[in-house]
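The values are calculated or read from the model by the stated rules, or taken from the named source; none is laboratory data. What you see is a predicted model, and the numbers here were worked out from it, not measured in a lab. Don't worry about glycine lacking a Cβ; one is built from the backbone with ideal geometry, like all the others, and counts go over all protein chains shown.
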Amino acid sequence: MTPTDDMGGFLKVALATGIFMTGLILFDTDERALSALKVFGIGGGIIAIWSILQFLILPGTLGFGQKKFYLDSLTSFFINRNTAGTFLGLLLLALFTLAWRTLEPLEVRHIWARMTYGTGLTNNQKKQILNTSFYTLLLFATFVALMLTRSRGATAATFVALMVLAITLVLGTKKSSGQTFAKRTLWSRIRPFAVTAGAALTVMIMFSAFAGRASLRIEAAGGEDGRFCVMPFIKSAVADHFPWGSGLSSFQSVYAGYHEAACGISRVWTRAHNVYLEGLLTLGMVFIILAATFVLVFLTIFIRGMIKRKNFGFAGKLGLAALILVAIHSAIDFSLQIPGLTVSFAALLVPLATISTRPSAGRRKRQSRAS
């Protein structure tokens, strides 16, 4: 129905696809992929700090221009707070993983013993503590920025994804060689479960303590949110245009004929606030095929990375958590349809896919010997 607008929609899809494919070519080794992930996390953490300062000092600005919408919420470099929330949620997952990687090898007992007896820390221990502190600072800043967005969907989706990430990271903690051959005590047996419960409890406390702004919006809006009011009419449009769909960018034109005044007449619905319903309406059966292919391919990649990569298994776990976050939030918002967020999501998936699909160290040695 809207062939001229469809071309712009195809270009948005092509942009994210091009970013992902280019990234696979550029970051084709574990070292390059890990460096790309660090750049993503550190760069995003700096953006989060900048966004907090701008929101506190110059709340009426967006980037380097004037802010016209969501003046009471942090939106970073995005117009919509929900898109900013999804972006910051992905950053939070990446920084949590980077902080965990620096924290896991720390021998806390050895460090405490050296500090107690005044022998001083080694250069390696100082570097580890500095790296952990740096990533923790960026992690906390990103968490604060996420809370300031007041995005209900992004906060809830990030909470679920972070819980999954924390549990999988803790359960995959490597044992030291000394622990491997030592006699297992009661604590060594229950330690993984205790640490897992502690990590989950920490995440719950963080969100319950700081998610007050989003909670107030939930209590104020309740079930009267406009996006829930229009859902039945969108479903009717989907049923009328299935299985062929109405065209990639035709939602606004098609939905206008289904909207009822009971859901308000003060705004124009340009998106469905549900990626799945809008995809079914505009692309029909093709959307189901594309979405299922995307999910199955990346699930296979990340599960393979979690099982096969061992020391680099964090990549598969982070990728799985990122998919969960985006999948949940896409059910109540359109963040994935915003090019800036889609490009960021593609940039995050690149190093995770590279690491997850690379052969393990032992296999690479066997391949090099065979060659």
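Residue by residue through the range 47-80, note down the ones that are in contact (Cβ under 8 Å) with a residue 60 or more places away in the chain and β-branched (Val, Ile, Thr).
If we filter the range 47-80 for residues that are in contact (Cβ under 8 Å) with a residue 60 or more places away in the chain, which is where we start, we get 48-49, 51-52, 55, 72-78, 80.
49, 52, 75 - these are the residues of the range 47-80 that are in contact (Cβ under 8 Å) with a residue 60 or more places away in the chain and β-branched (Val, Ile, Thr).
Condition first: of a type in the set (Phe, Trp, Tyr) and in a loop (DSSP other than H, G, I, E, B). Now tell me which residues in the range 36-71 satisfy that.
Residues of the range 36-71 that are of a type in the set (Phe, Trp, Tyr), as a first pass: 40, 50, 55, 64, 69-70.
Within the range 36-71, 64, 69, 70 meet the criteria.
Considering only the range 48-93, state which residues are within 19 Å of the chain's Cα centre (by Cα) and of a type in the set (D, E, K, R).
81
Taking the condition modelled with pLDDT under 85, surrounded by 15 or more Cβ atoms within 10 Å (Cβ to Cβ), closer than 21 Å to residue 337 by Cα and of a type outside the set (D, E, K, R), does residue 9 pass?
Details: modelled with pLDDT under 85: yes; surrounded by 15 or more Cβ atoms within 10 Å (Cβ to Cβ): yes; closer than 21 Å to residue 337 by Cα: yes; of a type outside the set (D, E, K, R): yes.
In short, yes.
Quick one: is residue 74 modelled with pLDDT of 90 or more, assigned to a helix (DSSP H, G or I) and not aromatic (Phe, Trp, Tyr)?
Working: modelled with pLDDT of 90 or more: yes; assigned to a helix (DSSP H, G or I): no; not aromatic (Phe, Trp, Tyr): yes.
So residue 74 fails the test.
Residues 352, 336, 341: which one is touching a helix residue (DSSP H, G or I) at 6+ places or on another chain (Cβ under 7 Å), buried (at least 16 other Cβ atoms within 10 Å of the Cβ), closer than 19 Å to residue 43 by Cβ and modelled with pLDDT under 95? Can you show your working first?
Details: 352 fails: modelled with pLDDT under 95; 336 fails: closer than 19 Å to residue 43 by Cβ.
Testing whether each residue is touching a helix residue (DSSP H, G or I) at 6+ places or on another chain (Cβ under 7 Å), buried (at least 16 other Cβ atoms within 10 Å of the Cβ), closer than 19 Å to residue 43 by Cβ and modelled with pLDDT under 95 leaves just 341.
Please find, within the range 208-244, the residue that is surrounded by the most Cβ atoms within 10 Å (Cβ to Cβ) out of those that are assigned to a loop (DSSP other than H, G, I, E, B) and at pLDDT 60 or above. First the steps, then the outcome.
So the first thing to find is which residues in the range 208-244 are assigned to a loop (DSSP other than H, G, I, E, B), and the list is 211, 222-225, 230, 242-244.
Next cut, at pLDDT 60 or above only: 225, 230, 242-244.
Working: 225: 14, 230: 23, 242: 15, 243: 11, 244: 10.
Step by step, filter the range 208-244, then rank; the result is 230.
Between a residue in the range 288-302 that is in contact (Cβ under 8 Å) with a residue 12 or more places away in the chain and under 19 Å from residue 313 (Cα atoms) and any residue that is surrounded by 12 or more Cβ atoms within 10 Å (Cβ to Cβ) and basic (Lys, Arg), which pairs come within a Cβ distance under 8 Å, given they are 6 or more apart or on different chains?
302/317
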